[in-house]
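For reference, the structure discussed in these notes is given below.
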Amino acid sequence: MQTTFHIIREEFPSANERESRAACVASKNTHGAAAAHASGIGIIDFSRTIEDTPSGAKTVASWAVREGEAEFRPDFQAERITTGELLRRMRDEDWQQANPHHPISYMAQALRANHSLGRAIAEKKPLVSFKRGKFQALLTIGGDKEKQRRLLTRAGFTPTEITEILSAL
Amino acid sequence: MGPADIGITEASDTLVQSVDIEQKLSEVVRQDKDGKFAMAQAFDPEISGSIKVLGTTGDAVGGDLVTALASVAAGVTIVKEKTHATTQDNFDETDLSFVNFPGAS
C-alpha cells in the first residue's frame, strides 16, 4: 500500500544536544506539524540527527507528516468577548466540542497539540551519524551498545574505531 | 492528548546500506510567435529512488525509516513499496522504493 509523506528538513548550526533539542521544540516546523495534527492530519514521525561535516558539526531535524487535506469550515458569529470569557472558553473543553469551528477551539486544539508534540520531541533521543563509504550508521545516544557494535561492524568500521564511537555515545 | 498518541516513535539504531536515486525534470517545449519551437523549460523535479536500511533484529520497523528517507527525500514523498525481511545474520532489513517531489507544496 502506498503512503504519502510530507517531509520537512531543517538544519541547525549547533550539534550541542540541549541547544538543538530546544531549537527543534521552538521551530516553526514543530508549530506547523502541530497545526496539521490539530487539523486532523496525522504526524508520522520526527527525528533529530547530529552530523559531523567538513564545515563543522550540525543538527538535522526532520518532521514527517501524512500528506492529505485539511478542511476548515468556520462557523461563528462576529462577537466581542471579555478577557474572562476568552480565558473560560480556552479552559472549557465541553464548550470547544460544542463549537468545534470557532477560532477559539482551533487555537485551543493547536496549542494542546504543540505542547504534546514539543514534549515528545524533547523526550526523543537524537541520532548521531557515522559515515563509512556508502554506509551511514545512525546511532542513538545511550542506545544498546551490542546492537550498535553489530551495525558498525557491518558498515566496515574497525574494532578500534567502534570502541571509540561507542565510548563517545 | 499526550506524546504517545501524537505519532512520535522511539529513536532506533539504523544502518543505511544503500541509496539509489534518479532525478527527472519534466520539460515543456514552447512555441514562439511564428510557431517554431522555442526553448524548453524544465520544471517540477521528480526523484525516483530506493533505500535499504538495516536495523537490529526485533526493531519494530527494521530501523529508523523516516530519518533515512528524510535524508534524501524532503518534500512530498510517495512510498510505493516497502518490504521487510530478517536476514540470515539476524538483521532486520527494510527496502523502500519511493518517488519524491521536492518542489511540491
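Most simply put, the protein assembly as shown has about 95% antiparallel DSSP beta bridges, counting only bridges with both residues inside it. Among A:Ala35, A:Ala64, A:Ala98, the largest mean-square fluctuation in a Gaussian network model of chain A, built with springs joining Cα atoms closer than 10 Å, belongs to A:Ala98.
Positive end of the dipole of chain A (Cβ unit charges, origin at the Cα centre): among A:Ala22, A:Gly118, A:Phe76, the Cα lying farthest that way belongs to A:Ala22. Across the cross-link table entries A:Lys28/A:Lys131; A:Lys134/B:Lys52; A:Lys131/B:Lys80; B:Lys52/B:Lys80, which are compared at the Cα atoms, the separations over 19 Å belong to A:Lys28/A:Lys131; A:Lys131/B:Lys80. Taking trypsin sites (Lys or Arg not before Pro) across the stretch A:1-107, the ones in a DSSP loop with at most 10 further Cβ atoms lying within 10 angstrom of their Cβ are A:Arg80.
Residues of chain A were split at every exposed loop site, defined as chymotrypsin sites (Phe, Trp or Tyr not before Pro) in a DSSP loop with at most 16 other C-beta atoms within 10 angstrom, and the longest piece left, sites excluded, is A:77-169. Using C-alpha pairs below 8 Å separated by at least 6 residues, the relative contact order for chain A is 23 percent. Using +1 at the Cβ of each Lys and Arg and -1 at the Cβ of each Asp and Glu in chain A, identify which of A:Gly133, A:His37, A:Ala61 lies farthest towards the dipole's positive end. With unit charges placed on the Cβ atoms, the residue in question is A:Gly133.
Please return the longest range in chain A lying between exposed loop sites, taking GluC sites (Glu not before Pro), DSSP loop only, at most 10 other beta-carbon atoms within 10 Å, and leaving the sites out.
A:80-169
When the convex hull of its Cα atoms is viewed from all sides, the stretch A:44-169 shows a mean projected area of 12.6 nm².
Under 5 Å from the amide H of B:Thr56 lie the amide H atoms of B:Asp92, each residue being 5 or more positions distant or on a separate chain, with H modelled from the backbone and absent for Pro and chain starts.
Coordinate-derived values only; no laboratory data. Computed from a predicted structure; not experimentally measured. Glycine also receives a Cβ, built like all others from the backbone with ideal geometry; neighbour counts cover every protein chain displayed.
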